[in-house]
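Novice: Shown below is the structure under consideration.
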């Protein structure tokens, strides 16, 4: 499968952000012909104050409803329409989903026919202070999801995660146990943390799970209330051995690479990490695994 991760420099205007996303999707489809296109986290609205983010959020149709909604939100309708018009799987980064007077940070995935095939609500909310003194309190506005989500695209099981989820390897193990060969991570990683942790964490999660990782990120500066903040960018595709096979660097653009399922199968056969885990290291709902006998070297 050919995969493209799109890197955007979004701001407060959903209209401008949507136009930017469309331009980048049209360009990558024309030049690289990917089967799966991934947008970054909060691509439809980045920055502003809580009121702005709530006003730019959307009330979504019921999960699992494959019929076209009567009045889809602007971002929802854009993703649905764009996937169908270009005949691609579109992993729509994340947008703000209205949940009463609060929000979920929600991924939407659409099939080439324009059907919603996955909805994932970010589980781990970013409540942290960075070295420059910036404070992030995602839980003030957002509620946490509680469901592990995967979907099928051309027979490939794909797992969903968002940004701060990257720091929790247990989630990635659970996705591997659910059959994932590829894990997609839209992000708006901060510049301060991204410089030191973005690439090492992505490579580690790929190596941990023996999965491909597709990470689409935001880049550039935005204003949050009265504070200027920056996101790291450097969207990339990483293979199960931890090698980066495509990356964007800074600024808007994209990176495209081809996922080799044969490589995944060979690595997992040669080093069956999941089978070698002690029973207490494997989630209770993980499918039963037959443990191979040790070879002469004890490996």
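The values are calculated or read from the model by the stated rules, or taken from the named source; none is laboratory data. Predicted model only: the values in this text are computed from it and were never measured. Virtual Cβ from ideal backbone geometry, glycine too; neighbours counted across all protein chains shown.
Novice: Run down 79, 90 and say which single residue is at pLDDT 95 or above, touching a helix residue (DSSP H, G or I) at 6+ places or on another chain (Cβ under 6 Å) and not in a loop (DSSP other than H, G, I, E, B). Before the answer, list the steps.
Specialist: Working: 79 fails: touching a helix residue (DSSP H, G or I) at 6+ places or on another chain (Cβ under 6 Å).
Only one candidate passes the filter, namely 90.
Novice: Further question: Looking at (1) in contact with a helix residue (DSSP H, G or I) (Cβ under 9 Å, 6 or more places away or on another chain); (2) in contact (Cβ under 8 Å) with a residue 60 or more places away in the chain; (3) surrounded by fewer than 21 Cβ atoms within 10 Å (Cβ to Cβ), which is the one condition that is false for residue 192?
Specialist: Residue 192 satisfies every listed condition except (1).
Novice: Filtering region 128-158 down to residues that are over 29 Å from residue 212 (Cβ atoms) and assigned to a strand (DSSP E or B), which residue is modelled with the highest pLDDT?
Specialist: Filtering region 128-158 for residues that are over 29 Å from residue 212 (Cβ atoms) and assigned to a strand (DSSP E or B), the one modelled with the highest pLDDT comes out as 137.
Novice: May I pose another question? Evaluate region 166-179: report whether one residue or more is closer than 20 Å to residue 40 by Cα, surrounded by fewer than 18 Cβ atoms within 10 Å (Cβ to Cβ) and either touching a residue at least 24 places away in the same chain (Cβ under 8 Å) or in contact with a helix residue (DSSP H, G or I) (Cβ under 8 Å, 6 or more places away or on another chain) (or both).
Specialist: Checked region 166-179: at least one residue is closer than 20 Å to residue 40 by Cα, surrounded by fewer than 18 Cβ atoms within 10 Å (Cβ to Cβ) and either touching a residue at least 24 places away in the same chain (Cβ under 8 Å) or in contact with a helix residue (DSSP H, G or I) (Cβ under 8 Å, 6 or more places away or on another chain) (or both).
Novice: While we're on this one: So, residue 136, is that one surrounded by 16 or more Cβ atoms within 10 Å (Cβ to Cβ) and farther than 21 Å from residue 195 by Cα or not? Let's see the steps before the verdict.
Specialist: On the way: surrounded by 16 or more Cβ atoms within 10 Å (Cβ to Cβ): yes; farther than 21 Å from residue 195 by Cα: no.
Answer is no for this residue.
Novice: Moving on to the next point. Being in contact with a strand residue (DSSP E or B) (Cβ under 7 Å, 6 or more places away or on another chain), under 28 Å from residue 249 (Cα atoms) and assigned to a strand (DSSP E or B) is the requirement here; does residue 107 meet it? Break it down into steps so the answer makes sense when it comes.
Specialist: Values: in contact with a strand residue (DSSP E or B) (Cβ under 7 Å, 6 or more places away or on another chain): yes; under 28 Å from residue 249 (Cα atoms): yes; assigned to a strand (DSSP E or B): yes.
When the stated conditions are applied, residue 107 passes them.
Novice: Can residue 251 be described as surrounded by 22 or more Cβ atoms within 10 Å (Cβ to Cβ), over 24 Å from residue 144 (Cβ atoms), in contact with a strand residue (DSSP E or B) (Cβ under 9 Å, 6 or more places away or on another chain) and touching a residue at least 24 places away in the same chain (Cβ under 8 Å)?
Specialist: Values: surrounded by 22 or more Cβ atoms within 10 Å (Cβ to Cβ): no; over 24 Å from residue 144 (Cβ atoms): yes; in contact with a strand residue (DSSP E or B) (Cβ under 9 Å, 6 or more places away or on another chain): yes; touching a residue at least 24 places away in the same chain (Cβ under 8 Å): yes.
Considered against the rule, which asks whether it is surrounded by 22 or more Cβ atoms within 10 Å (Cβ to Cβ), over 24 Å from residue 144 (Cβ atoms), in contact with a strand residue (DSSP E or B) (Cβ under 9 Å, 6 or more places away or on another chain) and touching a residue at least 24 places away in the same chain (Cβ under 8 Å), residue 251 comes out as no.
Novice: Now for a different question. Which residues, counting only those in region 266-287, are part of a helix (DSSP H, G or I) and within 16 Å of residue 178 (Cα to Cα)?
Specialist: Initially, region 266-287 is screened for residues part of a helix (DSSP H, G or I), giving 266-270, 273-276, 279-281.
If the condition is that a residue be part of a helix (DSSP H, G or I) and within 16 Å of residue 178 (Cα to Cα), then 268, 273, 274, 275, 281 are the ones that fit.
Novice: Just to confirm my filter: which strands (runs of 3 or more DSSP E) fall fully inside region 183-261 and include at least 2 residues that are modelled with pLDDT of 95 or more and under 25 Å from residue 108 (Cα atoms)? Outline the logic, then answer.
Specialist: Details: elements: 212-215, 219-224, 227-232, 236-238, 244-247, 253-258.
In region 183-261, the matching strands (runs of 3 or more DSSP E) lie at 212-215, 236-238, 244-247, 253-258.
Novice: So, one more: Considering only residues that are at negative phi and buried (at least 18 other Cβ atoms within 10 Å of the Cβ), which ones fall in region 30-42?
Specialist: Keep residues of region 30-42 that are at negative phi, which gives 30-32, 34-41.
Matches in region 30-42: 34, 36, 37, 38, 39, 40, 41.
Novice: Kindly list the number of the only condition in (1) touching a residue at least 24 places away in the same chain (Cβ under 8 Å); (2) closer than 30 Å to residue 239 by Cβ that fails for residue 14.
Specialist: (2)
Novice: Of everything in region 33-71, what is at pLDDT 95 or above, under 22 Å from residue 152 (Cα atoms) and either assigned to a loop (DSSP other than H, G, I, E, B) or more than 20 Å from the chain's Cα centre (by Cα) (or both)? Give them in sequence order.
Specialist: 33, 34, 35, 39, 40, 41
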